[in-house]
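Peer 1: Quick one: structure below, then a few questions.
Every read-out reported here was derived from the displayed coordinates using simple, explicitly stated rules and does not represent laboratory data. The structure displayed is predicted, hence computed values, not measured ones. Ideal geometry is used to build each Cβ from the backbone, glycine not excepted, and the neighbour counts take in all protein chains shown.
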Amino acid sequence: MRIVVLFAAFLFLYSVGAAPQAEVTEQPLPFTQSLVVDKLAYPKAILSLQDGRWVIALRDGELVCVDTDSTIKTHKLTLPDLYAQGQGGLLDIELSSDFLSRGQVLMTYSKGTKSNNGIAVVKGNLHKDCSFSALETVFAVSDDKDTPVHYGGKLLPLADNEWLVTIGDGFDYREKAQVLTSQLGKVLRFNEAGQPSATPPFPQAPYVYSYGHRNPQGIISLPSGKILLHEHGPDGGDEVNVLRAGANYGWPVVTLGTDYSGASISPFKHYKGMVNPIVDWTPSIAPSSMAYYHSDSFGALTGKVLVTALKAKALYSLDLSASPVVQRRVFPHLNERLRDVAVGQNGSIYILTDGNDASLIRFSSPM
Ligand SMILES: [Ca+2]
């Protein structure tokens with residue numbers, strides 16, 4: 001394995017554009033870089049199995065398992081009616097609280113046909129040899145949708161076997177983000193039996209946790225218990241939001257972005273009863289995933305939130321203790337579309353690149 005030691009020795013200003021936005025500086029950080037796996041076809045998510053093993057979920061329904069000795073095994077899942085077109089496919093994988101006892105994980109994928117598709121959540125047991133058993137559907141979004149884009153599809157485990165899943169607006173259905181009886185443009189809450197919460201914020205729409213979202217592809221919980229979500233805006237207007245049950249995040253009534261045509265989507269930068277983001281990225285960076293850096297291995301990143309971006313080809317660190325939130329660019333030499341980020345047990349940062357010839361790369365502190 002090729003080990004490259006690089007020292008980012010100079011701090012210089014990096015501007016993401018001419019928008020009304022704070023300048024993003026680079027984070028100087030000594031590191032060692034190593035390739036974990038390459039030649040991955042359209043990977044969407046990585047998962048630490050908390051014992052040095054990793055799993056990579058590929059768009060077309062395959063799992064790639066990386067053992068502690070770097071041995072790689074693969075397993076092709078049988079996902080009912082997988083619809084892997086456009087931005088769809090197998091999209092996320094997370095550990096259930098039953099992982100240690102029986103290997104249970106939850107996954108999301110786009111299910112259905114060209115004329116009717118949407119996010120489904122499945123569960124099942126992942127074994128040490130990368131085989132998979134007891135695949136079962138937990139939950140499927142109820143709306144009809146005929147676009148292959150804006151799925152969301154990111155999972156977050158909560159306490160008591162409850163989960164959140166992000167659901168995008170389907171692009172052509174943005175008005176539904178404000179309609180509680182639709183599940184598009186929402187964050188939904190359910191348990192591993194597929195039932196809604198016993199204490200939903202909207203009794204008439206018991207799966208809905210929050211609404212007014214566009215295409216959220218990052219959701220994490222912080223040690224404080226806060227839940228953080230980021231979502232793609234249109235042309236500009238990518239957002240980080242602090243998520244609360246019952247809150248309205250504004251889309252498409254409020255956005256700092258414009259339509260791809262340049263047309264205004266909304267005259268409103270704020271609207272009564274709708275929650276403003278804590279970070280606005282205009283121009284768009286296309287945020288694809290997020291992780292909390294809990295370790296002191298890279299001391300400059302301790303307590304920061306890491307965000308991968310597709311369009312900006314960058315990894316950002318966010319300091320939420322500052323107001324406004326301070327953003328810095330980490331490992332700026334990467335300069336590739338980045339799909340996912342996760343933190344290993346020893347504080348190494350694992351970054352998944354995007355596309356049909358993607359890689360999983362590990363960054364460790366040389367200290
Ligand atoms: Ca918003």
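Peer 1: Counting every Cα pair in the chain, what percent are over 38 Å apart?
Peer 2: More than 38 Å apart: 13 percent of the Cα pairs in the chain.
Peer 1: Compute a Gaussian network model of the chain, connecting alpha carbons closer than 10 Å, and tell me which residue from Asp296, Asp69, Asp146 fluctuates the most.
Peer 2: Asp69
Peer 1: In addition: Placing +1 at every Lys and Arg Cβ and -1 at every Asp and Glu Cβ, with all other atoms neutral, what dipole size does region 45-216 have around its Cα centre, in debye to the nearest 20? Working shown, then result.
Peer 2: On the way: 16 positive and 20 negative charges, 45 e Å.
Value, rounded to 20: 220 debye.
Peer 1: On full extension of the chain, what length is gained from Asn335 through Asp81, given 0.36 nm per residue of separation minus the C-alpha to C-alpha distance?
Peer 2: On the way: separation 254, 0.36 × 254 = 91.44 nm, distance 3.52 nm.
That works out to 87.9 nm of additional length.
Peer 1: Got a sec? Charge dipole of the chain, +1 on Cβ for Lys and Arg, -1 for Asp and Glu; which of Ala291, Met107, Pro203 is way out at the positive end?
Peer 2: Sorting the options by dipole projection puts first Ala291.
Peer 1: Once the Cβ-Cβ distance between Lys311 and Ser264 is put in as r, and R0 is 25 Å, what FRET efficiency do you end up with, to the nearest 0.05? Numbers along the way, then the final one.
Peer 2: Values: r = 21 Å, r/R0 = 0.85.
Working from the Cβ atoms, E equals 0.75.
Peer 1: Additional query: Could you check what % of the DSSP bridge pairs in the chain are antiparallel, to the nearest 5? Walk me through the numbers before you get to the answer.
Peer 2: On the way: 102 of 106 bridges.
Given both bridge residues lie in the chain, the antiparallel proportion sits at roughly 95 percent.
Peer 1: Okay, next question. Counting Lys +1, Arg +1, Asp -1, Glu -1, what net charge surrounds Gly237 among other residues with beta carbon under 14 Å of its beta carbon? Write down the numbers at each step before the final one.
Peer 2: Working: positive: Arg174, Arg214, Lys269, Lys311; negative: Asp169, Glu231, Asp235, Asp238, Glu239, Asp259, Asp280.
Once positives and negatives cancel, what remains is -3.
Peer 1: Could you tell me the calculated FRET efficiency between Thr74 and Lys272, based on Cβ-Cβ distance and R0 = 56 angstrom, to the nearest 0.05? Could the numbers behind the result be given before it?
Peer 2: Numbers: r = 52 Å, r/R0 = 0.92.
Calculated value: 0.60.
Peer 1: A further question on this structure: Given a Förster distance of 25 angstrom, what is the FRET efficiency for Asn191 paired with Ser133, based on the Cβ-Cβ distance and rounded to 0.05?
Peer 2: On the way: r = 21 Å, r/R0 = 0.85.
Here the calculated transfer efficiency is 0.75.
Peer 1: Further question on the same structure: Measuring from centroid to centroid over Cα atoms, what is the spacing of region 174-222 and region 101-132 in Å?
Peer 2: 19 Å
Peer 1: Give, as a single signed number, the net charge of other residues whose beta carbon lies under 10 Å from the beta carbon of Lys73, with Lys and Arg counted +1 and Asp and Glu -1. Could you put the intermediate results ahead of the total?
Peer 2: Values: positive: Lys128; negative: Asp67, Asp129.
That sum, taken over residues with Cβ under 10 Å, equals -1.
Peer 1: Next question. Which stretch or stretches of region 346-367 have amide N atoms under 19 Å from the point lying 7 Å from Asp38's Cα along the Cα→Cβ direction?
Peer 2: Inside the label zone: 350-364.
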